[in-house]
Amino acid sequence: MKRRALLAATLLAAPALAQASPKLVVIGGGFGGATAARALHRAGLAVTLVEPAAEYIACPFSNAVIAGLRDMDSQRFGLDGLRREGIALARQAATAVDAAARRVTLADGTALAYDRLVMAPGIDLRFDALPGYDAAAAETMPHAWKAGAQTLLLRRQLEAMEDGGLVVVAVPANPYRCPPGPYERASLIAHYLKTRKPRSKLLVLDAKDVFSKQKLFEQGWAALYPGLLEYVPLSGGGKLTEVDAKAGVLVTEFGEHRAAVANVIPPQRAGRIAEAAGVTDRSGWCPVDPVSFESRLQPGIHLIGDAIIAGAMPKSAFAANAQARVCAEAVLALLRGEAPATPKLINTCYSLLAPDYGISVAGVYQPADGLLTDVPGAGGTSPLEAPASQRRAEAGYAEDWFRTVTADAFG
Amino acid sequence: MGSKACGEGILHKPLSYSHSLMKYNKEGRGSGREYLSLPDLLLILLLSTATAATAASPPGASSCAGCHGGGAIPTLAGQPAEAVAAAMLAYKAGERSPTVMDRIARGFDEAEIRAIAAWVTAVR
Ligand SMILES: Cc1cc2nc3c(=O)[nH]c(=O)nc-3n(C[C@H](O)[C@H](O)[C@H](O)COP(=O)(O)OP(=O)(O)OC[C@H]3O[C@@H](n4cnc5c(N)ncnc54)[C@H](O)[C@@H]3O)c2cc1C
């Protein structure tokens, strides 16, 4: 009764209060945030996107940039398309989120009130996790795990290296952004060395024993880069315990390696603003409800992309894009006063072993036991036995996916 | 078929997780309030007009746009829904030369596939 009376009052008052449209704020203009902002805006809502970077530099295909196979300009995407569509852009960093007051504070002190907030801040690198590896060390031993200056630094180091040098790619334990990414990188660096500096060697030091698409990578490495690429798993002494960036030394549990070029991919956590907002747990990542992508720690805040604990769904651009659309629909449902529908989500990740040699892993996910879990019977990798034409086709699909997903996110 | 997608040790779980799902009350919010506030009702009213054109998508359907946009991966909007459903059912049954679509189609039953096909082929 009370609700009906209120509804009647609202109906009468509505025309005078048309500006009371719900306020949506999105933090982060990467694959997740840009897609979410567009989806919410297309549904007719007023959206403000907070992103300090003048341009977004995409990580997918940045391994091809490192290997000299692709131009950095193909990785750059502006947010002007979103602005032209009518999404308000706040071109600065969010510095604080007050979940109780539903307010975001920006670097210049401006406060943005919201009814619902979507956060897609991606990752931050942990410069406290590996002794000797901090932001300064990354200028000598690049991580290149956020695309941009680091990507070009690693490329220049490879170009400057004399033939016969030792290149090391060091890979962290799970979880981290893009599970197959380090192995694609190793493959494409090996391709560069094979074609340009064939007396060189590549060592992959891994802090784990099993990894994404492992059989396919190992099969491809044996065929394409025998004697050039050596993989050292955790059990073989692959885990880094310390680095000395000045001396170019990487220390593992089993010994030391002196590298001409060292690519150290350190452990990671959710982008720093997530911690400031109180949406990270002790692990440094963000627990969310797998139906609504709402934080388990702070109501009114939704999280998507690399920052979240997504169970079986990997930290990929594909996943961030898919989660953004599901999250946007959930936000719309919640604003309408409805419970969000139970979703299914898809992920596909392509990796290149060489310019014309692609492999893939796909999965379908659904909420179960509070996490996103694999739908039984679905998903899996490209077949181990496949003709060269299929590897070539998958390399082409990878390009088509990148073109489509970047157009979908950035217009 | 190669080994399972993400069973390869990448499962990202919380350190400790209480199995209580976020509870939505009948207003669909996690706040546990009993009645809708006036601002809530205003939001609902405005949204019911703002989003009338954007019906909720069936499970899985919203993921398709990440890939399907041209090149070797066909755009779906404007295609006959029946043909898209038939293609997905053939992938699911292993009767069509595999891409990633065989692996994806097996994650859906026939009713889900028909609902997805109807949604993704609609021109918005
Ligand atoms: C080498 C490499 C290769 C990869 N290859 C693939 C691939 O082939 N396929 C694939 O699907 N994925 C790939 N990935 C993974 C992909 O890049 C990420 O999963 C994806 O970028 C995640 O999107 P996101 O929106 O969560 O975060 P991001 O894309 O990192 O976006 C986060 C955004 O938030 C902004 N931000 C952060 N903090 C704030 C703040 N306080 N205020 C405002 N804005 C803020 C940042 O500036 C950034 O623009 C690859 C990654 C790497 C490193």
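Taking every pair of distinct Cα atoms and averaging 1/r, then inverting, what Kirkwood hydrodynamic radius in Å comes out for the range A:340-383? Could you put the intermediate results ahead of the total?
Working: mean 1/r = 0.0841 Å⁻¹.
Evaluated over the range A:340-383, this radius sits at 11.9 Å.
What does the range A:229-344 give for Rg and for Dmax, in Å, if only its C-alpha atoms count?
For the range A:229-344, the Cα-based Rg and Dmax read 19.6, 60 Å.
Just A:Pro179, A:Pro226, A:Pro343 to compare: in a GNM of chain A, with alpha carbon springs under 10 Å, which one fluctuates most?
A:Pro226
In terms of modelled amide H atoms, which long-range or inter-chain residues lie less than 5 Å from the amide H of A:Arg116?
Hits under the 5 Å cutoff: A:Lys23, A:Val25.
Need the C-alpha centroid separation for the range A:354-400 versus the range A:153-226, integer Å.
One Cα centre to the other: 20 Å.
How big is the dipole moment of the protein assembly as shown about its Cα centre under a simple scheme where the beta carbon of each Lys and Arg is +1, that of each Asp and Glu is -1, and everything else is neutral? Debye, nearest 20, please.
820 debye
Could you identify which residue out of A:Arg199, A:Arg70, A:Arg84 has the top mean-square fluctuation in a GNM of chain A using Cα springs shorter than 10 Å?
Looking only at A:Arg199, A:Arg70, A:Arg84, the largest GNM fluctuation is found for A:Arg84.
Positive end of the dipole of the range A:221-367, charges at C-beta (+1 Lys, Arg; -1 Asp, Glu), about the Cα centre: which of A:Ala324, A:Ser235, A:Asn347 has its Cα farthest in that direction?
Of A:Ala324, A:Ser235, A:Asn347, it is A:Ala324.
Where is the GNM fluctuation largest for chain A (alpha-carbon springs, 10 angstrom cutoff): A:Gly109, A:Gly132, A:Gly165?
A:Gly109
What share of all Cα pairs of the range A:137-264, in percent, falls into each consecutive 10 Å distance bin?
13, 47, 37, 3
Once every DSSP H run of n ≥ 4 in chain A is given -39500 (n - 2.57) and the sum is divided by its residues, what mean residue ellipticity at 222 nm do you get, rounded to the nearest 500 deg cm²/dmol? Mind showing how you got there, number by number?
On the way: 10 runs with 121 residues, N = 411.
Helix contribution divided over all residues of chain A: -9000 deg cm²/dmol.
Can you list the HN-Hα couplings for the range A:76-91, worked out from phi with the Karplus curve (6.51, -1.76, 1.60; θ = phi - 60°), rounded to whole Hz and with x for Gly and Pro?
Calculated HN-Hα couplings, in order: 8, 9, x, 9, 4, x, 5, 4, 5, 6, x, 7, 6, 9, 10, 8 Hz.
Compute the relative contact order of chain A as a whole-number percentage, counting only Cα pairs closer than 8 Å that sit 6 or more residues apart in sequence.
17 percent
If you place +1 on the Cβ of every Lys and Arg, -1 on the Cβ of every Asp and Glu, and leave all else neutral, what size is the dipole of the range A:137-264 about its Cα centre, to the nearest 20 Debye?
The calculation lands at about 400 debye.
I'd like the carbon and sulfur percentage of the solvent accessible area for the protein assembly as shown, probe radius 1.4 Å, heavy atoms only, ligands and nucleic acids excluded.
Its accessible area is 56 percent carbon and sulfur atoms.
Tally the DSSP beta bridges in the range A:137-264 and give the antiparallel ones as a percent, rounded to 5.
On the way: 8 of 22 bridges.
Of those bridges, close to 35 percent are antiparallel.
Give a residue-ordered list of calculated ³J(HN,Hα) values for the range B:56-62 (Karplus: 6.51 cos²θ - 1.76 cosθ + 1.60, θ = phi - 60°; whole Hz; x for Gly, Pro).
4, 8, x, x, x, 4, 6
Can you list residues from other chains, or at least 5 along the same chain, whose modelled amide H is less than 5 Å from the amide H of A:Ala96?
When sequence neighbours closer than 5 places are left aside, the close amide H contacts are A:Thr105.
What's the angle, to the nearest 10 degrees (0 to 90), between helix A:181-196's Cα axis and the longest principal axis of chain A?
The angle comes out at about 40 degrees.
I want the local charge near B:Ile73. Using Cβ-Cβ distances under 13 Å, sum +1 for each Lys or Arg and -1 for each Asp or Glu among the other residues.
Combined, the nearby Lys, Arg, Asp and Glu give -3.
Once the convex hull of the alpha carbons of chain A is built, what does its volume come to per residue, in cubic angstrom?
151 Å³
Given the pairs A:Lys208/B:Lys13; B:Lys13/B:Lys92; A:Lys201/A:Lys246; A:Lys344/B:Lys92, which are separated by over 25 angstrom at their Cα positions?
B:Lys13/B:Lys92
Positive end of the dipole of chain A, charges at C-beta (+1 Lys, Arg; -1 Asp, Glu), about the Cα centre: which of A:Ala136, A:Pro367, A:Ala101 has its Cα farthest in that direction?
Value computed over the given set: A:Ala101.
Sequence-distant or interchain residues sharing an amide H contact under 5 Å with A:Arg126, placed H: which?
Those qualifying (amide H under 5 Å, at least 5 residues apart or on another chain) are A:Gln268, A:Arg269.
Just for the protein assembly as shown, what percent of DSSP beta bridges are antiparallel, to the closest 5?
55 percent
Send over a whole-number figure in Å² for the accessible area per residue of the range A:293-336, probe 1.4 Å.
Result: 13 Å² of accessible area for each residue.
Would you check the accessible area of A:Ser74, probe 1.4 Å, heavy atoms only, in square angstrom rounded to 10?
50 Å²
The values are calculated or read from the model by the stated rules, or taken from the named source; none is laboratory data. Note that this is a predicted model, so its numbers are computed, not measured. Every residue, glycine among them, receives a Cβ derived from its backbone with ideal geometry; neighbour counts consider all protein chains shown. Areas reflect the complete protein model, heavy atoms only, side chains present, ligands, DNA and RNA absent. Shrake-Rupley method; radii C 1.70, N 1.55, O 1.52, S 1.80 Å.
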